[in-house]
1. Quick one: count up the residues across the range 187-244 that are closer than 23 Å to residue 35 by Cα, in a helix (DSSP H, G or I), of a type in the set (A, V, I, L, M) and open to solvent by 10 Å² or more (accessible area, probe 1.4 Å).
2. Name the residue, out of 42, 8, 28, that is over 19 Å from residue 85 (Cα atoms), in contact with a strand residue (DSSP E or B) (Cβ under 8 Å, 6 or more places away or on another chain), of a type in the set (Asp, Glu) and open to solvent by 60 Å² or more (accessible area, probe 1.4 Å).
3. Considering only the range 107-118, I want to know if a residue exists there that is among the polar types (S, T, N, Q), open to solvent by less than 40 Å² (accessible area, probe 1.4 Å) and touching a Phe, Trp or Tyr at 6+ places or on another chain (Cβ under 7 Å).
4. Looking at 69, 98, which is the one that is open to solvent by 30 Å² or more (accessible area, probe 1.4 Å) and either under 18 Å from the mean Cα position of the chain (by Cα) or not hydrophobic (A, V, I, L, M, F, W, C) (or both)?
5. Suppose we filter the range 176-186 for residues that are in a helix (DSSP H, G or I) and among the aromatic types (Phe, Trp, Tyr); how many remain?
6. For the range 158-175, name all the residues that are surrounded by 13 or more Cβ atoms within 10 Å (Cβ to Cβ) and outside any helix (DSSP H, G or I).
7. Return yes when residue 69 is assigned to a helix (DSSP H, G or I), out of contact with any Cys (no Cβ under 6 Å at 6 or more places or on another chain), in contact (Cβ under 8 Å) with a residue 12 or more places away in the chain and of a type outside the set (Asp, Glu) and no when it is not.
8. Evaluate the range 137-145: report whether one residue or more is part of a helix (DSSP H, G or I), touching a helix residue (DSSP H, G or I) at 6+ places or on another chain (Cβ under 7 Å) and buried (at least 16 other Cβ atoms within 10 Å of the Cβ).
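The values are calculated or read from the model by the stated rules, or taken from the named source; none is laboratory data. Small disclaimer: the values here were computed from a predicted structure and weren't measured. As a convention, Cβ positions derive from the backbone with ideal geometry for all residues, glycine included, and neighbour counts pool all protein chains shown. Side chains included, ligands, DNA and RNA excluded: accessible areas come from the protein's heavy atoms. Shrake-Rupley method; radii C 1.70, N 1.55, O 1.52, S 1.80 Å.
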Amino acid sequence: MNVRRPTEADAAAVRDLITAFETHFIGEPEMRTPDLLDNWRELDLAKDTWLVEIDGRPAGYAALFTKPRVFVDAYVHPEAWGRGVGARLAELTEVEARQRGIKLLRNGVLANDKRAHTLLEARGYLIARHFYRMVIKLDAPPTAPAWPEGLRPSRLDPQEARAFHAVLEEVFEDEWDHEPEPFDAWRRRRLEAPSVDLSLWFAVKDGTEIAAIAVCDPDRFGMGWVGAIGVREAWRRRGLGLALLRHCFAELEARGQKTIGLGVDAENPTGATRLYERAGMHVAWGAALFEKALGAVGEPGSGCNRVRRSQV
């Protein structure tokens with residue numbers, strides 16, 4: 001087993017590892033090279049990522065994200081199960097997190113990846129939250145949105161980016177584990193991303209005031225993607241969220257997308273899952289977010305946990 005830092009030259013090999021994992025658990029691959037490279041824009045590959053090789057072949061990959069949230073994203077090739085790859089990645093990410101002073105480490109795994117569940121539980125992780133990937137497969141033009149009186153969507157005017165960001169923060173401030181992101185950091189991460197398509201960012205206005213927002217990507221994970229959608233409190237319970245979601249469907253379908261997806265907290269306080277179901281979406285797969293409190297380096301329980309009861 002060899003552990004090294006991946007480089008951009010490894011993108012295709014890492015993608016193939018991830019898609020083998022996805023195909024086993026969800027029946028079809030989602031990750032594409034552009035998606036992976038978008039993720040890598042938020043990382044320092046020389047510090048935040050690990051590639052495990054066995055006999056020269058990629059066997060496992062992990063990334064430690066720290067902005068805007070701290071979490072681990074890790075994968076083990078099905079052909080490498082039972083060889084300690086998962087345990088090694090968990091060890092590496094925990095050690096690195098402790099060295100950076102991170103106190104709480106989170107690790108998301110698919111709901112049906114029982115090997116990973118057993119491994120993380122053995123290392124002291126507990127499930128903190130559940131999330132869903134929801135999708136709709138369009139076999140006909142999507143239902144036209146029924147807009148509340150006086151409200152219509154428009155594409156984001158870059159001159160209104162700061163107001164758009166403020167509404168984005170407001171509509172998600174009550175979400176579990178929401179971490180406010182300063183405007184300049186958000187601008188660099190999202191507005192200046194090479195793949196950004198502002199023609200799919202929408203603001204619904206009531207006069208001059210933004211009442212709701214949506215952010216879509218034309219092609220992410222092999223489908224049209226609704227990255228964020230939210231309605232401000234004063235405009236809720238009027239059908240605006242459903243109208244805006246159907247507008248997103250129509251815009252993405254016009255780009256040739258027949259499958260449209262999004263991610264959602266299974267315990268979303270605004271009842272978002274029920275809204276998405278009314279729009280015709282269904283749960284494609286679920287994930288569990290595990291978390292573990294980390295002590296400082298040298299404190300009891302903070303060293304490398306040599307647990308090997310389940311080696312993913």
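1. The total comes to 2.
2. 42
3. Within the range 107-118 (the criterion being among the polar types (S, T, N, Q), open to solvent by less than 40 Å² (accessible area, probe 1.4 Å) and touching a Phe, Trp or Tyr at 6+ places or on another chain (Cβ under 7 Å)), the answer is yes, since at least one residue qualifies.
4. Residue meeting the stated conditions: 69.
5. Residues in the range 176-186 being in a helix (DSSP H, G or I) and among the aromatic types (Phe, Trp, Tyr): 2 in total.
6. 175
7. Against the criterion (assigned to a helix (DSSP H, G or I), out of contact with any Cys (no Cβ under 6 Å at 6 or more places or on another chain), in contact (Cβ under 8 Å) with a residue 12 or more places away in the chain and of a type outside the set (Asp, Glu)), residue 69 does not qualify.
8. no
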